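**Student:** Could you have a look at this structure, given as structure tokens, before my questions?
The values are calculated or read from the model by the stated rules, or taken from the named source; none is laboratory data. Being a predicted model, the structure only gives us computed values, none of them experimental. Neighbour counts run over all protein chains shown; Cβ positions are idealised from the backbone, glycine included.
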Amino acid sequence: MNKITPQPGIMDIALYQGGQSHVAGVEHVIKLSSNENPFGPSPKAIEAVRDSAATLHRYPSTDHASLRAAIGDRHGLDPARIVCGVGSDEVLQFAAQAYAGPGDEVIYTEHGFSMYPIIARMAGATPVMVPERDRHVDVDNILAAVTEQTRIVFVTNPGNPTSTMIPEADLLRLAEALPQTCLMVIDGAYAEFVDGFDGGAALVDRFENVIMTRTFSKIYGLGGMRVGWGYAAQSIIDVLNRVRQPFNLSLTALAAAEAAVKDEDYLTFCHSENARLRVWLSAELAKIGVPSDASCTNFILVRFADRAEAEACDDYLKTQGLIVRRVAGYNLPNALRITVGDQEACGRVVAAITVFKGGAA
Ligand SMILES: *Cc1c(COP(=O)(O)O)cnc(C)c1O
């Protein structure tokens, strides 16, 4: 028995399960399990990565000024109130580390991102799960769970794996009703896929205890680079920068993200292709008796009669080289989460599920 023991809570952390990317014995798989951009990163981001190779002997910028300016430009935000992290996961971690500790409670919702309880435990805090209502975040359930010990509330908008939105009025009501001593985190990993949604930026401007997090991993197609950011009151950003390592983002990652955020044409292309194919995919599957909620993201959550049918469908898709995501771990055993791929991928999904349901492909 090793006599050196970890801090309380560490061994309660369940290791994160990533989306599968291989099927034994099947070649040419299409991975639709991690909500990645099927078109890859912007060609300009690829070029920036190549160009960065010549200066890899240099340490990167510690203040990310250039990337923050580019993000501020695109979204109309004050760059001084932006903090960048190794994926938005790191920004979420900064928030937990800075604002929660042993004895504190961190609220997340039933089908919320599985990183929230992990991050809460990493900080020594206690994660508290709140039920949702028909795959939608229920603000009243969150408020009912708030105690004197609550320090952080994590909500995802739009949600993963639900793909549903929290109505604007509900988000505002939550911000208004939470104690000002409690940090409200709006995780906007999929915000770019929603027309006319600011990701929560206006709420950040109104409430000093609200932070919005965003990522380059989804619509920007840079999941492998690990870049995310947060936008909050200056007082919060000043705190988060103290728990951030000075060289957290590599020179290559900074260059890739900056080039990506400046490439508006590519962003528009990815947005419109996703919107078009998402509608087609969910409509075709609904026709063959596989419904999903109207998605606001780059994936759909399809529902089956029961857990057995969902698992059987997943098994069949695997034999066809199609990897989707089981979400029983998110308390959605009857469902599968399918990333909206390119046209070919969506066509193959519909054809395969048609065969699975007993129809002609
Ligand atoms: C993908 C995702 C993120 C992004 O994580 P990164 O660390 O930025 O790659 C954050 N939150 C949710 C809900 C996600 O689905």
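**Student:** Could you list, in sequence order, the residues of segment 263-302 that are at negative phi, surrounded by fewer than 17 Cβ atoms within 10 Å (Cβ to Cβ) and over 20 Å from the mean Cα position of the chain (by Cα)?
**Tutor:** Correct list: Glu264, Asp265, Phe269, Arg276, Val279, Trp280, Ala283, Ala286, Lys287, Ile288, Pro291.
**Student:** Quick check on segment 32-70: of everything there that is of a type in the set (Lys, Arg) and surrounded by fewer than 20 Cβ atoms within 10 Å (Cβ to Cβ), which residue is nearest to Tyr330 (Cα to Cα)?
**Tutor:** Going residue by residue through segment 32-70, those that are of a type in the set (Lys, Arg) are 44, 50, 58, 68.
This time we only want the ones that are surrounded by fewer than 20 Cβ atoms within 10 Å (Cβ to Cβ), so: 44, 50, 58.
Details: Lys44: 36, Arg50: 38, Arg58: 42 Å.
The residue in question is Lys44.
**Student:** For segment 1-15, name all the residues that are assigned to a loop (DSSP other than H, G, I, E, B) and over 12 Å from Ala123 (Cα atoms).
**Tutor:** As a first pass, look at segment 1-15 and keep what is assigned to a loop (DSSP other than H, G, I, E, B): 1-9, 13-15.
Selection gives Met1, Asn2, Lys3, Ile4, Thr5, Pro6, Ala14, Leu15.
**Student:** Among the numbered conditions (1) assigned to a strand (DSSP E or B); (2) within 16 Å of the chain's Cα centre (by Cα), tell me where Leu92 comes up short.
**Tutor:** For Leu92, the failing item is (1).
**Student:** For segment 309-330, state whether one or more residues are surrounded by fewer than 16 Cβ atoms within 10 Å (Cβ to Cβ), outside the structural domain of Tyr190 (by TED's automatic domain parsing) and closer than 29 Å to Ala191 by Cβ.
**Tutor:** Checking segment 309-330: at least one residue is surrounded by fewer than 16 Cβ atoms within 10 Å (Cβ to Cβ), outside the structural domain of Tyr190 (by TED's automatic domain parsing) and closer than 29 Å to Ala191 by Cβ.
**Student:** Starting from segment 47-60, take each residue that is farther than 14 Å from Leu249 by Cβ and list its partners that are hydroxyl-bearing (Ser, Thr, Tyr), counting only C-beta distances under 9 angstrom and pairs at least six apart or across chains.
**Tutor:** Hits for this filter: Ala53/Thr252.
**Student:** State all residues of segment 154-174 that are outside any loop (DSSP other than H, G, I, E, B) and out of contact with any Ser or Thr (no Cβ under 9 Å at 6 or more places or on another chain); if no residue qualifies, say none. Full working, then the answer.
**Tutor:** So the first thing to find is which residues in segment 154-174 are outside any loop (DSSP other than H, G, I, E, B), and the list is 154-156, 168-174.
Once the filter is applied, which keeps residues that are outside any loop (DSSP other than H, G, I, E, B) and out of contact with any Ser or Thr (no Cβ under 9 Å at 6 or more places or on another chain), segment 154-174 yields Glu168, Ala169, Asp170, Leu171, Leu172, Arg173, Leu174.
**Student:** Let me ask something additional. Please specify each residue of segment 165-217 satisfying the condition of being buried (at least 17 other Cβ atoms within 10 Å of the Cβ), of a type in the set (Gly, Ala, Ser) and away from the ligand (no atom under 16 Å from the Cβ).
**Tutor:** Passing the criteria: Ala175, Ala201.
**Student:** Out of (1) in contact with a helix residue (DSSP H, G or I) (Cβ under 6 Å, 6 or more places away or on another chain); (2) within 30 Å of Leu203 (Cα to Cα), what's the single condition that is false for Ala65?
**Tutor:** (1)
**Student:** Would you confirm, using the coordinates I've provided, whether Ile237 is more than 9 Å from the ligand (Cβ to nearest atom), closer than 20 Å to Gly40 by Cβ and either of a type in the set (A, V, I, L, M, F, W, C) or surrounded by fewer than 21 Cβ atoms within 10 Å (Cβ to Cβ) (or both)?
**Tutor:** On the way: more than 9 Å from the ligand (Cβ to nearest atom): yes; closer than 20 Å to Gly40 by Cβ: no; either of a type in the set (A, V, I, L, M, F, W, C) or surrounded by fewer than 21 Cβ atoms within 10 Å (Cβ to Cβ) (or both): yes.
Judged against the criteria, Ile237 is not a match.
**Student:** Within the set of pairs 6+ apart or on separate chains, which have a first residue in segment 209-221 that is over 18 Å from Leu32 (Cα atoms), a second that is more than 8 Å from the ligand (Cβ to nearest atom) and of a type in the set (S, T, N, Q), and C-beta atoms under 8 Å apart?
**Tutor:** Correct list of pairs: Asn209/Gln180; Asn209/Thr181.
**Student:** Can you find, within segment 102-135, the residue that is surrounded by the fewest Cβ atoms within 10 Å (Cβ to Cβ) among those that are of a type in the set (D, E, K, R) and in a loop (DSSP other than H, G, I, E, B)? Walk me through it before giving the result.
**Tutor:** Step one: of segment 102-135, the residues of a type in the set (D, E, K, R) are 104-105, 110, 121, 132-135.
Now drop any that are not in a loop (DSSP other than H, G, I, E, B), which leaves 104, 110, 132, 134-135.
Numbers: Asp104: 20, Glu110: 17, Glu132: 20, Asp134: 8, Arg135: 19.
Out of the qualifying residues, it is Asp134.
**Student:** If Pro131 satisfies all but one of (1) within 15 Å of the ligand (Cβ to nearest atom); (2) free of Cβ contacts under 8 Å to residues at least 24 places away in the same chain, what's the number of the condition it fails?
**Tutor:** (1)
**Student:** Now a separate question. So the check is Cβ under 7 Å with 6+ separation or different chains; which pairs have a first residue in segment 297-325 that's farther than 15 Å from Thr162 by Cβ and a second one that's among the basic types (Lys, Arg) and crowded, with 24+ Cβ neighbours inside 10 Å?
**Tutor:** Val324/Arg337
**Student:** Something else about it: Quick one: what pairs do we get from segment 104-118, first residue touching a residue at least 24 places away in the same chain (Cβ under 8 Å) and of a type in the set (Phe, Trp, Tyr), second surrounded by fewer than 24 Cβ atoms within 10 Å (Cβ to Cβ) and assigned to a helix (DSSP H, G or I), C-beta under 7 Å, 6+ apart or different chains?
**Tutor:** What qualifies is Tyr108/Pro117.
**Student:** Which one of the conditions (1) in contact (Cβ under 8 Å) with a residue 60 or more places away in the chain; (2) not assigned by TED's automatic domain parsing to the domain that holds Gly159 does Gly18 fail to meet, given that it meets all the rest?
**Tutor:** Looking at each condition in turn, Gly18 falls short on (1).
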